[in-house]
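Each value in this text was obtained by applying a stated rule to the coordinates, not by laboratory testing. For clarity, every value in this text was computed on a predicted model and none was experimentally measured. Glycine gets a Cβ as well: all are built from the backbone with ideal geometry, and neighbour counts include every protein chain shown.
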Amino acid sequence: MAEGLNTLGVAHRFIREQVRPGAFCIDATAGNGHDTALLCELCGPSGRVLAFDIQESAVQATKRRLAGCGFQNRAEVILDSHSNMDRYAEKESVDCIVFNFGYLPGGDHRVFTTAATSIPAIEKGLALLKPRGVMSLCIYYGGDSGYEEKEALLTYLKTVDPRQYTVLLHQFYNRPNDPPIPVFLYKEC
Ligand code: SAM
């Protein structure tokens, strides 16, 4: 059976549609750097990317991936929590912010994103977005990281002001075993 589209594929399709050369982007969960590298590719030499992770190993893995792609000059990889992203970017200056929740594949499964920092980070990220800016969230849950963050994120996302933002939630409706949830947010004004 063909595997079909996965969550990352859905998110990357969205990001490719949105990010243009010269864009300023944030990868809030750098991990192994796949999303950071995609953002660097799309924003081009005139664009800029900030990438955050709380694990030194993820920062190093992301730097290695960027160097391998020749993108090391387009991104700053920062060892800090995404909940501090407002210390590194001005309000309404960012075109696209990407979150990929859960733990680092191939890394320490005891380190994963939690609602205590994810929700403040999304809130800060929304304030950093330019009008017409976008945010992509991939919500992984179940397994080692449990269901708590997913429930808290979905509860929070319902409260996001509909006059300012559109929140679109996607569901892999016919897949078993906790399929991840892609969510896209659009800043309207
Ligand atoms: N986007 C990554 C990639 O392309 O490989 C995968 C990200 S992985 C699913 C989640 C990452 O979030 C882990 O590397 C983890 O260390 C990181 N993380 C957990 N809490 C964080 C926080 N508060 N701030 C920034 N990163 C965090």
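Summary value for region 22-171: 22 percent relative contact order, contacts being C-alpha pairs under 8 angstrom separated by 6+ residues. Take 175-182, 74-81 and order them by the average number of nearby Cβ atoms within 10 Å per residue, most first; the result is 74-81, 175-182.
Decide, for region 1-64, between rounded, prolate and oblate: order the square roots of the alpha carbon gyration tensor eigenvalues as a ≥ b ≥ c, take rounded if a/c falls under 1.5, and otherwise choose prolate if a/b is larger than b/c, else oblate. Walk me through the numbers on the way to the answer.
Values: a/c = 2.43, a/b = 1.14, b/c = 2.12.
The shape class here is oblate.
How would you classify the chain from its alpha-carbon gyration tensor, with a ≥ b ≥ c the square roots of the eigenvalues: rounded for a/c under 1.5, else prolate if a/b is greater than b/c, otherwise oblate?
It is rounded, given that a/c, with a ≥ b ≥ c, falls under 1.5.
The percentage of C-alpha pairs in region 29-107 whose separation is greater than 21 Å is 20%.
So which residue, out of CYS25, CYS43, CYS69, gets the largest mean-square fluctuation from a GNM of the chain using Cα contacts under 10 Å as springs? Among CYS25, CYS43, CYS69, the largest mean-square fluctuation in the Gaussian network model of the chain belongs to CYS69.
Ordered by packing density, taken as the mean number of other Cβ atoms within 10 Å over each peptide's residues, highest first, how do 100-109, 159-168, 33-42 rank?
My ranking of the peptides, most packed first, is 33-42, 100-109, 159-168.
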